1. Which value, in debye to the nearest 20, describes the size of the charge dipole of the range 269-322 about its Cα centre when Lys and Arg Cβ atoms bear +1, Asp and Glu Cβ atoms bear -1, and nothing else is charged?
2. At a temperature of 20 °C and a viscosity of 1.002 mPa s, determine how fast the range 202-255 diffuses translationally according to Stokes-Einstein, using the Kirkwood radius over alpha-carbon pairs as Rh; express D in µm²/s, rounded to the nearest whole number.
3. Using Cα-Cα distances under 8 Å and only pairs 6 or more residues apart, what relative contact order does the range 196-270 have, in percent?
4. Expressed in whole Å with the largest first, what are the equivalent ellipsoid semi-axes of the range 46-111 derived from the C-alpha gyration tensor as the square root of 5 times each eigenvalue?
5. Calculate the all-directions average of the projected area of the range 231-331's alpha-carbon convex hull, and give it in nm².
6. Where the convex hull is taken over the Cα atoms of the range 152-289, what is its projected area averaged over directions, in nm²?
7. Give me the log10 of I(q) over I(0) for the range 9-149 at q = 0.11 Å⁻¹, as the Debye formula computes it from C-alpha points; what are the numbers?
8. Suppose every K and R has +1 on its Cβ and every D and E has -1 on its Cβ; what is the size of the dipole of the chain about the Cα centre, in Debye to the nearest 20?
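We did not get these values from a lab; they are worked out from the coordinates using the rules stated. Please read all numbers here as calculations on a predicted model, not as lab measurements. Cβ atoms come from the backbone with ideal geometry, glycine included; neighbour counts cover every protein chain shown.
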Amino acid sequence: MIVKVVLLLTVAVVALIINLSVGDVSISPQSALQAVFSPNSAQQVSASDIEIIRQIRLPRVLVAMTVGAALSVAGYLLQSLSRNHLADPYLTGVSSGAGVLVALAVSANVNFEFVPLIAFVGGLGASIIVGGLARSARGLSVTRLLLAGVGLSAICGGIITLVVTLGGDPVRAQGIFFWLAGGISGKTWEEFLPAAGYTLVGCLGALVLSKQIRLLSVGTEQAKSLGVNVDVVQWAILFVAVLLSGSAVSLAGIVGFAGLVAPHLSRNLFGRDERVQIFTSAVIGMILVMLSDLLARSLVEGQELPLSTLLSLIGGPFFLLLVARQKAESL
């Protein structure tokens, strides 16, 4: 187990260094690390390279790591809550609900430090609607959860289009459309820090809830017999998942499937300990988004692809594979 975790962290560090080094201006890994950790003593690194690393690439890669960790831990929590591995912030409509209020906030020129909180409110509203539609006398129906999430996402997409179309500012409209496509280009320290704070709080909250998640995994009735206040714990899990989803949406727009793939890989590679799964899901999510962002800005020369495009090409087939596997197991 320890060896696997060390290997995973090594891959994350390598992905981080590659992201700092690769771009329109190639910078050696050694120079990139010097620019990050000791810019004043980096005599072999030009001032322009230091500026590129510290003001452009470092904030961008930290945003990618934050988005990956937030979506992955949120996905893990939603999957634990629904006890189904197909749940995901994107598929359940949480990301789209957050996206509606963020689009409204951007159109109204709201200060960016409030955007993660606004995204949280939107995601929470969406999750309450979807959860209400999916709940039945027998409990939470995953099929209805996903169908309600898809339907709400379509409605939210239409609302966002109306907001952008009727906004009257073509420059801002173009920015919102680029954000909706999922992208972290041009992110600054001022945008990164608030969302990173919410993500850190959310990840710590997930770790605090790990014992309750373990008890819920045996079933709600058994959990109640063990003294768990199931309703309170479920709302707490949902609250943390929405907080993390909102943080990710505020930074990168509506990005799908990272929260689906990372928890599944974590369960298969690192066993059943909830705290280990939360930590490794976050790291796998970081790696997944860092590498996707690297491909997004490297595949086509002189052009950057939307981040969501790369993640969808990875996560879409993965989702279909999980659906096929669940169908085969139910036969």
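1. That gives the range 269-322 a dipole magnitude of about 160 debye.
2. 178
3. Reported as a whole number, the value is 37 percent.
4. Taking √(5λ) for each Cα gyration eigenvalue gives 32, 20, 6 Å.
5. For the Cα atoms of the range 231-331, the hull's average projected area reads 8.1 nm².
6. The Cα convex hull of the range 152-289, projected and averaged over all directions, gives 10.1 nm².
7. -0.61
8. With Lys and Arg at +1 and Asp and Glu at -1, about 1040 debye.
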